[in-house]
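> Mind looking over this structure? Questions follow.
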Amino acid sequence: MSEPLVLGIETSCDETAVGIVTGRKLLANVIASSVDEHARFGGVVPEVASRAHLEAMQPSIERALKESGVKLEDLDGIAVTSGPGLVGALLVGVSAANALALALDKPLYGVNHLASHVAVDLLTHEKEFRPSIALLVSGGHSSILKVNELTSDIESLGQTVDDAAGEAFDKIARLMNLGFPGGPIIDRESRDGDREAIKFPRGLSQPKDMQAQPFDFSFSGLKTAVSRYLVATPDFKRADVAASFQEAVVDVLLLKSIKACVDTGIDSLVIAGGVAANSRLRQLASERCARAGIEVRTPPPALCTDNGAMVAALGSLAISAGRAPSRLGIAAASDTPPTQPLWL
Ligand code: KG4
Ligand code: ZN
C-alpha cells in the first residue's frame, strides 16, 4: 500500500488534534486547543486538559472527516500519540483510537509524539527521506537526534539536562508577565528589540562542555541570568530582554545542531517541535546552514506545534514500511523515549 489513508489523533498536552493524510498528502488538520483555559495558571493544568480532550474528541474527529470527505470505513489505519505526554490527556486519545480501531476492524498504530514532530516534515515536500539530524525543540523536550529511518531507527545524540527550550521561553515570559504560552509572545516582542543588547549566557557551550557534552543543552543558567537582570535593571527594555534571551537560546540550539551534522557527516537538518515555529530560529538556521552546506528544513509554523497531521503522517509511514501494528488495547506511555518511534 503506497499511499495509506490514515487518521491520526493527538492529545498529549493541551491540543485535541485530528489529522487525516493519504501517503504524504494532508487532507485535514483539525485542532481544538484548551490553551485559554490554562493561561491564567501560567502553564497547562493536566486535569483541565483531560476534560477538554473528552469534550473535543468526537467533534474533532467528525470535523476532520467532513473536511476531508473521508469515510471511516475507507481508512487503512488509525494512528494515535501513545506518548510521551500527560498521562490523563494521552489516555483520552488512546481510548478513542482503541475504540475506533476495534469498531472498524482497522490496524492501530501507537506512535511517538517526538518522532511524529519530525515526520510531519514529509508532508511539506516530495523528496525522499534521507538520514537527517533532527533538532527537536518543544515545550517538554529538547533533543538532537540522528534519524536514520523514521519508523525504526532513531538515535539520541543529546538532550537538555534541565528545562526544555519551549519551557525556557514559557518561564521567561512568565517572569516578565507577558502571558502563556511564552514562545510566540517572546518571538513577537523580540521583533522590536536589540538582540545584542544584553549578552546572556549560552549553556554548555564552553570549549570543555563542547568536548564533554557536545549535544546536550542547559537553559537553567540562562533563566537565572535573565531573572537577575530583570531584578537589577528596573527600567529594562522589554523588547531588548526578549530579543537577547531568544538569541541566546537560538544561538546554542544551532551551534550544537550544526556540530552534530558536521561530526556525523550528515548534511540534512530537520528542525521540529513547537519552538521550530520561532521566526529567529528559522532565519538564523537558514543563514548558518547555507554557510555550512547543510540542507535545513523547518515545517510551516502551524505544523511545528502539536497537531494530528504529524501523527497520521508517522502512522502512514509505518504502514508503507510494513511495520507491525500495535496490539489493540495499548495503554498511554507517558515517558516514551524519542528513540522508540512506534509502540507495540
Ligand atoms: O510541540 P509543542 O506544541 O508541544 C509540546 O510537545 O510541548 O511545543 C509547545 C512549545 C511551548 O513551550 C511554546 O512556548 C513553544 O513551543 N513555542 C515557541 C513558539 N511557538 C511555540 N517557542 C518559541 N517561538 C515560537 N514562535
Ligand atoms: Zn509536541
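Computed from the coordinates by the stated procedures, all read-outs in this text should not be read as laboratory data. Only a predicted model underlies this, so the values are computations on that prediction, with no experimental measurement involved. Don't worry about glycine lacking a Cβ; one is built from the backbone with ideal geometry, like all the others, and counts go over all protein chains shown.
> Non-local amide H neighbours of residue 157 (under 5 Å, H modeled in plane, Pro and chain starts lacking H): which ones?
144, 145, 146
> When the chain is fully extended, how far beyond the present Cα-Cα distance does residue 62 get from residue 188, taking 0.36 nm per residue of separation? Walk me through the intermediate numbers first.
Numbers: separation 126, 0.36 × 126 = 45.36 nm, distance 3.41 nm.
Extra length from residue 62 to residue 188 when fully extended: 42.0 nm.
> Taking the convex hull of the alpha carbon atoms in the chain, what volume per residue do you get, in Å³? Present the calculation step by step, with values, prior to reporting the outcome.
Details: hull volume 42.0 nm³, N = 344.
It is 122 Å³ per residue.
> Under 12 Å Cα to Cα from residue 237, which aspartates and glutamates show up? Leave out anything in the same chain fewer than 8 places away.
Residue 237 reaches 189, 192, 194.
> Then there is this: Per-residue HN-Hα couplings for segment 146-153, Karplus 6.51 cos²θ - 1.76 cosθ + 1.60 at θ = phi - 60°, whole Hz, x for Gly and Pro?
3J(HN,Hα) across segment 146-153, in whole Hz: 9, 9, 8, 8, 5, 9, 8, 9.
> Let me ask something additional. Students often check this: by mean Cβ neighbours within 10 Å, which of 324-336, 43-55 ranks highest, and how do the rest follow?
With the highest mean Cβ count within 10 Å placed first, the list reads 43-55, 324-336.
> Subtracting the Cα-Cα distance from 0.36 nm times the residue separation, let me have the gained length for residue 105 to residue 1 in nm, one decimal.
Contour length minus the Cα-Cα distance gives 35.7 nm.
> Output ³J(HN,Hα) for segment 112-123: one whole-Hz value per residue in order, computed from phi by the Karplus curve 6.51 cos²θ - 1.76 cosθ + 1.60 with θ = phi - 60°, and x for Gly and Pro.
Once rounded to whole Hz, the list reads 7, 4, 6, 5, 6, 4, 6, 5, 4, 3, 5, 6.
> Still on this model: Read phi for every residue in segment 312-319 and hand back ³J(HN,Hα) as whole Hz from Karplus 6.51 cos²θ - 1.76 cosθ + 1.60, θ = phi - 60°, with x for Gly and Pro.
Karplus-based 3J(HN,Hα) across segment 312-319 equals 4, 4, 5, x, 5, 4, 4, 5 Hz.
> Order of 251, 153 from fewest to most other C-beta atoms within 10 Å?
The order, fewest Cβ neighbours first, is 153, 251.
> Count the net charge of all other residues whose Cβ sits under 15 Å from the Cβ of residue 322, scoring Lys and Arg as +1 and Asp and Glu as -1. All intermediate terms of the calculation are to be shown ahead of the outcome.
Values: positive: 323; negative: 3, 76, 149, 153.
Here the count lands on -3.
> What whole number of Å gives the distance from the Cα centroid of segment 213-230 to the Cα centroid of segment 78-152?
So the separation of the two Cα centres works out to 29 Å.
> With the radius of gyration and the Kirkwood radius both derived from the Cα set of segment 159-220, what is their ratio Rg to Rh?
Here the Rg-to-Rh quotient is 1.03.
> Then there is this: Could you sort the peptides 164-174, 233-243 by per-residue average Cβ neighbour count (10 Å cutoff), highest mean leading?
Put in order of decreasing packing, that is 164-174, 233-243.
> Quick one: which residues, 5 or more positions from residue 270 or on another chain, have an amide H under 5 Å from its amide H? H modelled 1.01 Å from N in the peptide plane, none for Pro or chain starts.
Under 5 Å from the amide H of residue 270 lie the amide H atoms of 133, 134, 135, 297, each far enough along the sequence or on another chain.
> Work out how much length residue 73 to residue 48 would gain on full extension: take 0.36 nm times their residue separation and subtract the Cα-Cα distance, in nm to one decimal.
On the way: separation 25, 0.36 × 25 = 9.00 nm, distance 3.25 nm.
Roughly 5.8 nm would be gained on extension.
> Helix-only estimate, please: 222 nm mean residue ellipticity of the chain, summing -39500 (n - 2.57) across DSSP H runs of length 4 or more and dividing by its residues, to the nearest 500.
Numbers: 12 runs with 149 residues, N = 344.
Calculated from helices alone, the mean residue ellipticity at 222 nm is -13500 deg cm²/dmol.
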